[in-house]
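Chemist: Let me begin by handing over the structure; questions about it come next.
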């Protein structure tokens, strides 16, 4: 956490599979800061791919994909809305397509299914929230949000997961560390 009380997050814990029996990365990260991180899965199942998701996953717009829609909470307050999408051939019939919690998180399950991310691409933009985002995230009318779009590729360059995350900008700070050499 930064000195101003804003939440500081890094992507790395969310990209690597967890050891067997460990809780999800969000709960662990929040607990390390002395806080409580939870999530509510509000929808899961097959949907037609919206244009942005189709581009990220390399499928045709409208092609069937699997989505998990979640509201991520910090100390009982909404901190982020996250829609995670998977190619249907990876996720159909798995816990990724259901509303139940996945022990260790989705990345751990993907690895168990033989799909490990090797390359991750993230784009972050600021914008004004939709009415739905304002209501869910409990933001003011003039409070911007950050939109992070992430795609995870396997060792052969195939997309295995796409995330669209929306966060109140005033409550976030994203941290990126790059190791060279």
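The values are calculated or read from the model by the stated rules, or taken from the named source; none is laboratory data. This structure is a prediction, so every number in the text was calculated from the model and none was measured. Please note: Cβ atoms are built from the backbone with ideal geometry, for glycine as well, and neighbour counts cover all protein chains shown.
Chemist: Is it the case, given these coordinates, that residue 177 is over 17 Å from the mean Cα position of the chain (by Cα), farther than 24 Å from residue 86 by Cβ and loosely packed, with under 14 Cβ neighbours inside 10 Å?
Modeler: Judged against the criteria, residue 177 is a match.
Chemist: Let me ask something else. Output the residue which, of all residues in segment 75-122 that are modelled with pLDDT of 95 or more and part of a strand (DSSP E or B), is nearest to residue 135 (Cα to Cα).
Modeler: Checking each candidate, the answer is 81.
Chemist: Further, regarding this structure: Among the residues of segment 92-101, how many are over 12 Å from residue 68 (Cβ atoms) and surrounded by 15 or more Cβ atoms within 10 Å (Cβ to Cβ)?
Modeler: Of the residues in that region, 1 qualify.
Chemist: Among the listed residues 55, 46, 73, 80, which satisfies the condition of being surrounded by 15 or more Cβ atoms within 10 Å (Cβ to Cβ), in contact with a strand residue (DSSP E or B) (Cβ under 8 Å, 6 or more places away or on another chain) and free of Cβ contacts under 8 Å to residues at least 60 places away in the same chain?
Modeler: Checking each option against the conditions leaves just 73.
Chemist: Out of all the residues in segment 140-160, is one or more part of a helix (DSSP H, G or I) and modelled with pLDDT of 90 or more?
Modeler: no
Chemist: Return the only residue of 131, 122, 89 being closer than 23 Å to residue 59 by Cα, surrounded by fewer than 18 Cβ atoms within 10 Å (Cβ to Cβ) and without any contact (Cβ under 8 Å) to a residue 40 or more places away in the chain.
Modeler: 89
Chemist: Tell me which residues, restricted to segment 83-100, are out of contact with any strand residue (DSSP E or B) (no Cβ under 7 Å at 6 or more places or on another chain) and on the phi < 0 side of the Ramachandran plot.
Modeler: Within segment 83-100, 89, 94, 95, 100 meet the criteria.
Chemist: Hey, among the residues in segment 58-74 that are assigned to a strand (DSSP E or B) and in contact with a helix residue (DSSP H, G or I) (Cβ under 7 Å, 6 or more places away or on another chain), which one's modelled with the lowest pLDDT?
Modeler: 74
Chemist: Let me ask something additional. May I ask you to list the residues in segment 42-57 that are out of contact with any helix residue (DSSP H, G or I) (no Cβ under 7 Å at 6 or more places or on another chain), assigned to a strand (DSSP E or B) and under 23 Å from residue 154 (Cα atoms)?
Modeler: Passing the criteria: 47, 48.
Chemist: Determine, yes or no, whether residue 132 is assigned to a helix (DSSP H, G or I) and closer than 15 Å to residue 168 by Cα.
Modeler: Against the criterion (assigned to a helix (DSSP H, G or I) and closer than 15 Å to residue 168 by Cα), residue 132 qualifies.
Chemist: Continuing with the same structure: I'd like the full set of residues that are surrounded by 15 or more Cβ atoms within 10 Å (Cβ to Cβ) and touching a residue at least 24 places away in the same chain (Cβ under 8 Å), limited to segment 102-119.
Modeler: Within segment 102-119, 102, 104, 105, 106, 107, 108, 110, 111, 115, 116, 117 meet the criteria.
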